[in-house]
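The values are calculated or read from the model by the stated rules, or taken from the named source; none is laboratory data. Only a predicted model underlies this, so the values are computations on that prediction, with no experimental measurement involved. Cβ coordinates were reconstructed from backbone atoms using ideal geometry, including for glycine residues, and neighbour counts include every protein chain displayed.
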Amino acid sequence: MGRTYDRREFIKTATAGSFGIGVATAGLQVQRANTPAHPKPLDLVRMGFVGVGHQGSSHVENFLKIAGVEVRAICDIVPEKVAAIQQKVIAAGQPEPAAYARGPEDFRRLCERDDLDLVFTATPWEWHAPICAAALRAGKHAATEVPMAVTIDQCWELVELSEQTGRHCVMMENCCYDRTEMMILHMVRQGAFGDLIHAECGYLHDLRELKLTDFYEGRWRIRHSISRNGDLYPTHGLGPVAQCLNVNRGNRFTTLVSMASQSRGLNLWAAEHIGPDSPEAAQRYALGDVVTTLIHTAAGPTIVVTHDTDSPRPYSRNLLVQGTRGVVRKYPEEKVYLEGRSPADRWEDLAAYRDRYEHPVWRKLEEQSRGAGHGGMDYIEDYRLIECLRTGTPTDMDVYDGAAWSAVSQLSERSIAAGSAPQECPDFTRGRWRERLPLGIVGGG
């Protein structure tokens, strides 16, 4: 009997009245089961980092610029990377953080420290869930780069640990803080598009060279392309769309269907750039070049998600939101059509509406975020995390969001393996999506 089915049986029992029974973990005060974390405000957020390569080091630099943060510990499998970050912390005027570099499991020693409030991981995907789980069990808040987990079982584990311990587990989806995505969310909340009926999104990014060379430590990313066929990286596009559609907050994903094209791009690139007789050119890759997923939601709107990291193409997240009164898209140009405002049957530049619909977070933080990664959105996501922890307010994205968005990967793999058969999406909130309020226009104060 599979783990997902076990939880369906649990839902039936819980619906009959067994919600509210918590399980003590490591002596921590336990929240009521299925209740989001509501910890007390933190005057100071003491942080430990696991994984300080490309993205991890950028996050450290952001947090060192945010008031109320101290970096206490650094962990990485490469000692030189740990030493480099220690020097950055010292240069920022903080004491030298402790070093953890005894191998891939050394994060467990870091998590057991008694002087940390938050453990942040930016490691290869397969380590995200184990590190977050170790942090939660040790009484720390957990934050992770995307995805939150690789499997649905891991998603359930993190949901349950967050509920049991009352600690946050946050997937740091930076694209939810992109200036345009936040403006579109503001427009949605103001009713500019009427009732939403459909959305499109994705991750379309030519990564052939990065996957097939030494850009990623140990070439970890290509291993997923060798062994898995599905939407391996859905959350960059799906996160902002899910917020617009109130997923987990009045709506939820119900069913999903995926299909994949043949795999050609990696082999062709390797033959041309590495050599026709190279192991990379001869390797068989499971991942189809283009993976297309269709998601139905409980409230009615549909979503198309596209994954393509192995084709020659410009970068895109293929964002489109369609409502009963208008439509907006981001790629290849930022355009909008609002019925009754726009010229008939003609797109307008979205920038024409920026003064009216700019998100308050960007009005507040544009200057502070200038020069940070990915156009500033990385700084803003880090700032908002700390702001929520220091004020004791709910985080913009919680463990249910991370689980629902990340689970799309394994669901798409299952659908493709079953001949594009529909897959039921887990309800990680166990029914609470009906009463949870939509994400508001937060963070502008």
Restricting attention to segment 58-85, which residues are buried (at least 19 other Cβ atoms within 10 Å of the Cβ) and farther than 15 Å from ILE386 by Cβ? ALA73, ILE74, CYS75, ASP76, ILE77, LYS81, VAL82, ILE85
Name, by its number, the condition in (1) assigned by TED's automatic domain parsing to the domain that holds VAL408; (2) in contact with a Pro (Cβ under 7 Å, 6 or more places away or on another chain) that does not hold for VAL188. (2)
Condition met for ARG313 (in the same structural domain as PRO240 (by TED's automatic domain parsing), over 25 Å from the mean Cα position of the chain (by Cα), surrounded by fewer than 16 Cβ atoms within 10 Å (Cβ to Cβ) and of a type outside the set (S, T, N, Q)): no
Residue under question is THR180, and the condition is that it be touching an Asp or Glu at 6+ places or on another chain (Cβ under 7 Å), crowded, with 20+ Cβ neighbours inside 10 Å and touching a residue at least 12 places away in the same chain (Cβ under 8 Å); does it hold? yes
Apart from one, (1) among the acidic types (Asp, Glu); (2) touching a helix residue (DSSP H, G or I) at 6+ places or on another chain (Cβ under 8 Å); (3) surrounded by 19 or more Cβ atoms within 10 Å (Cβ to Cβ) all hold for ASP308; the odd one out is (2)
In segment 50-79, anything among the basic types (Lys, Arg) and in contact with a Phe, Trp or Tyr (Cβ under 9 Å, 6 or more places away or on another chain) is listed as LYS65
Condition check: in contact with a Phe, Trp or Tyr (Cβ under 7 Å, 6 or more places away or on another chain), modelled with pLDDT of 95 or more and over 28 Å from ASP178 (Cα atoms). Does SER278 satisfy that? no
Filtering segment 113-158 for residues that are part of a loop (DSSP other than H, G, I, E, B), surrounded by fewer than 24 Cβ atoms within 10 Å (Cβ to Cβ) and of a type in the set (Gly, Ala, Ser) leaves a count of 2
If only one of ASP382, ASP401, ASP396 is closer than 21 Å to MET183 by Cβ, touching a His at 6+ places or on another chain (Cβ under 7 Å) and modelled with pLDDT of 95 or more, which one is it? ASP382
Determine whether GLN94 is part of a helix (DSSP H, G or I), surrounded by fewer than 19 Cβ atoms within 10 Å (Cβ to Cβ) and of a type in the set (S, T, N, Q). no
Identify, from the list PHE107, PHE49, the residue that is surrounded by 18 or more Cβ atoms within 10 Å (Cβ to Cβ), in contact with a Cys (Cβ under 8 Å, 6 or more places away or on another chain) and within 23 Å of LEU365 (Cβ to Cβ). PHE49
Tell me yes or no: at least one residue of segment 197-214 is on the phi > 0 side of the Ramachandran plot and surrounded by fewer than 19 Cβ atoms within 10 Å (Cβ to Cβ). no
The listed residue being among the charged types (D, E, K, R), touching a helix residue (DSSP H, G or I) at 6+ places or on another chain (Cβ under 7 Å) and touching a residue at least 60 places away in the same chain (Cβ under 8 Å), out of ARG313, ARG317: ARG317
Would a scan of segment 293-310 turn up a residue that is farther than 27 Å from GLN243 by Cα, assigned to a loop (DSSP other than H, G, I, E, B) and in contact (Cβ under 8 Å) with a residue 60 or more places away in the chain? yes
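Checking the structure you have, find out if any residue of segment 280-290 is among the β-branched types (Val, Ile, Thr) and in contact (Cβ under 8 Å) with a residue 60 or more places away in the chain.
For segment 280-290, residues among the β-branched types (Val, Ile, Thr) and in contact (Cβ under 8 Å) with a residue 60 or more places away in the chain: absent.
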Taking segment 242-281 and keeping only residues that are surrounded by fewer than 22 Cβ atoms within 10 Å (Cβ to Cβ) and among the β-branched types (Val, Ile, Thr), one is left with THR254, THR255, VAL257, ILE274
Looking at segment 414-445 only, could you name the residues that are aliphatic (A, V, I, L, M) and in contact (Cβ under 8 Å) with a residue 12 or more places away in the chain? ILE416, ALA417, ALA421, LEU437, LEU439, ILE441, VAL442
